[in-house]
Every structure is written in C-alpha cells, then in structure tokens.
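Scroll down for the structure; my scribbles are underneath it.
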Amino acid sequence: MKRTAFLLLAILPILIFGQSEFCDKNFGESYYPLKIGFEKHLTWGTATYIEKVTGKTKKDGVEYYNYEQDFGSGTSYNLLLRKQNDTVFMFSEKEKKDIILLIERPVKGTKWKSGKVVNTNGFFESPFCDYENLLVIENKYPNGNKEKRYYKKGLGLVAITTKKGIKGMCVPSKEESKALSKPFSALGCENLPSKEEIKNCTISFINSYLAERLSKEKIKTPKEEGTLKFKLHSNSNGEIIKIEKLNSIRGGKQVQKAIMKILYTLPKFRPLMTSEKKAIGTRFELSIPIKTR
C-alpha cells in the first residue's frame, strides 16, 4: 500500500471583525444613509476611496446632501443626493435633473430605469465581515453590462460584484486596521517580535499537531495527489467552532474527514486582540498538500 504524506503548506489568515466596531457601524435605518458625519472606506478595482457626507446644498430651491467620493491625490467626486420617501435621487449635471440611484424598498422585483431589487435577504462575505440581510440590486447599463450592488441597512453599499468577481467592497480605515494590533496565534507564539514570525510559528504548530496525529490514522490512499483546503472559524476565546471544506480530491474523502476530525481537537489559540485588549473572532484558511508515495 502506498504511503500518504501530508504537509501543511500555508495558513492564510482572513480576519473577520464580526465583533468589532467596524462591522457594527450604523448610521440609521436607511440602506443609503444621508447623514452629516457619515463616512466609510471602499475599494474600486485596485483603488481605495472614502465616501462621506460633508454638508448640505440648495439647488433651485431643493435641498441636497453633499456626498463626496475622495480617491486621494486631489481626485474626488462631489455628488448631490437627496431622499424622498424610499427613493434616493442624484442630481445629474449632464441631464440637469434628478435621476434615481436607488429605491430602497425591500420588495423583490421593484424596478426603475437602471436597476431592480433581486434579493431582500442577501449575503456577502468579505475578508472582514459576513454581511447578512442585504438589499441586493442588479444594475444594467446602456452597454449591456450588469453588476450587483449589496446594501446594508445603516451602512449603505458594502459590495459590488460582476460576473468577473468582486469589483469593490467596504474595508476598514487605516485606524481601524491598526486597532487590530495583536494577531491570532498558537499559544507560545504570541510574544515573538514580528507578525510574520508569529504566523510562521502558528503554521509550524498546526503542522506538527496534524502530522503527529495523522501518522496514527489508518487512511486509505487517495487516487490522486492534490491540495485540500479548509476554512476554520474560531471564536473570541480562541476555540475552533466551525470548519468548512473548500474543495476535494479524487478518492480523498477519508483523508479529508480525518483531517477535519483532528482540526476540531486543536487546543485553544490566542485570539486576535484589539489595542483595547478586546478579543475578536477570526477565520483562516489552511492549504494542505496531499502526496502519495
């Protein structure tokens, strides 16, 4: 019988701030908050920009909010937005009139010229938050392109996707990122001088833990070599509470099951800590190459 070899190649940390202020940001009950002081950071392709409401302006006797999109380096766009009942309007300088940006009515099938509601209970998973109960809008443009926009009540737009993937999403500010100062780690690794060393120490610990226990298992050799991937969720106490299978290899069901069983027995980790010493739940991916020889 062939021997099956296992090597933990990489641990790819994906931090979720599910219990942090970042994911709990709220500016009211609207899917498109228009409130002075509102501010959030988003990506657009490779760029990151800030959306914020800076004040109010009257145009032809109608009051609008100044909605700024600041890309830095002197590049910014100033929109004039207003809300009437459940409809958000933007004044178009080109057309010299209001156009509908969003009808925030949580009724599937609601339509306007450029969009329609396709889901009122949407979900979007970013590397930072699991967003639930989202209003999902499908926008169609004159060139035929389509995209989906995901809106969270109290925060507004949190993600944009196309058939090619994620076009943009809500991300933490530099200050919010810096607050997450002490990384998730295996116990005994937390006091190493750099985050890279802490990560490598944690990888080594999981690798040793898995290898030792897998060597004692009687496992049927998979029909092919490959890499098994798992997503692990830990709570704010550092306990592994959920494991997801992200892929499979032919004939590898038994080894996949054995790995998951062992991963559930991992001892407590040191949870991600903010600068205020608040523990935060974390999720991370493991990529485990499976070789037969």
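Normalising the average separation of contacting C-alpha pairs (under 8 angstrom, six or more residues apart) by the number of residues puts the relative contact order of the chain at 22 percent. Considering only GluC sites (Glu not before Pro) in DSSP loops that have at most 16 other Cβ atoms within 10 Å, the longest stretch of the chain without any of them is 96-189. Going Cα to Cα from Lys113, which aspartates and glutamates come in below 15 Å? Please leave out same-chain ones fewer than 8 positions away. Cα-Cα hits under 15 Å: Glu95, Asp98, Glu104, Glu138, Glu147. Averaging the sequence gap over all C-alpha pairs within less than 8 Å and six or more residues apart, then dividing by the number of residues, gives segment 105-220 a relative contact order of 12 percent.
In this simple spin-label model, placing a label point 7 Å from the Cα along the Cα-to-Cβ direction at both Glu138 and Leu192 gives a separation of 4.8 nm. Pairs from the list Lys195/Lys291; Lys218/Lys257; Lys40/Lys153; Lys216/Lys268 with a Cα-Cα gap above 19 Å: Lys195/Lys291; Lys216/Lys268. Using only the Cα atoms of segment 104-170, build the gyration tensor, take square roots of its eigenvalues as a ≥ b ≥ c, and label the shape rounded, prolate or oblate: rounded if a/c is under 1.5, else prolate if a/b is larger than b/c, else oblate. Taking the square roots of the gyration eigenvalues as a ≥ b ≥ c, segment 104-170 is oblate.
Using the Cα gyration tensor of segment 51-126, with a ≥ b ≥ c the square roots of its eigenvalues, what is the shape: rounded (a/c below 1.5), prolate (a/b larger than b/c) or oblate (neither)? Judged from the Cα gyration tensor, segment 51-126 comes out oblate (a/c at least 1.5, b/c at or above a/b). Suppose we flag chymotrypsin sites (Phe, Trp or Tyr not before Pro) only when DSSP calls them loop and at most 16 other Cβ atoms lie within 10 Å. Which is the longest uninterrupted stretch of the chain? Between exposed loop sites, the widest span is 113-263.
Across segment 189-198, computed HN-Hα scalar couplings (Karplus, 6.51 cos²θ - 1.76 cosθ + 1.60, θ = phi - 60°) run 9, 5, 9, 5, x, 10, 5, 5, 5, 4 Hz from first to last residue, x flagging Gly and Pro.
Distance between the 7 Å Cα→Cβ label points at Asn119 and Glu63: 3.7 nm.
For segment 149-284, the Cβ-based charge dipole about the Cα centre amounts to some 720 debye (Lys, Arg positive; Asp, Glu negative; other atoms uncharged). Using 19 Å as the Cα-Cα cut-off, could you pick out the over-long pairs in Lys148/Lys231; Lys96/Lys152; Lys116/Lys140? Beyond 19 Å between Cα atoms: Lys148/Lys231; Lys96/Lys152.
Around the Cα centre of the chain, unit charges on the Cβ atoms of Lys, Arg, Asp and Glu (plus for the first two, minus for the last two) sum to a dipole of about 1340 debye.
Kindly identify the chain as rounded, prolate or oblate by the Cα gyration tensor criterion: order the square roots of the eigenvalues as a ≥ b ≥ c, call it rounded if a/c is under 1.5, otherwise compare a/b with b/c, prolate if a/b is larger, else oblate. Note, shape of the chain comes out prolate.
For segment 161-170, backbone phi angles converted through the Karplus equation (6.51, -1.76, 1.60; θ = phi - 60°) give residue-by-residue couplings of 10, 10, 5, 8, x, 7, 9, x, 6, 6 Hz, Gly and Pro being listed as x.
Quick note: the coordinates plus some simple rules give every number you see, no bench work behind them. Remember, it's a predicted structure, so these values are computed and weren't measured experimentally. As a convention, Cβ positions derive from the backbone with ideal geometry for all residues, glycine included, and neighbour counts pool all protein chains shown.
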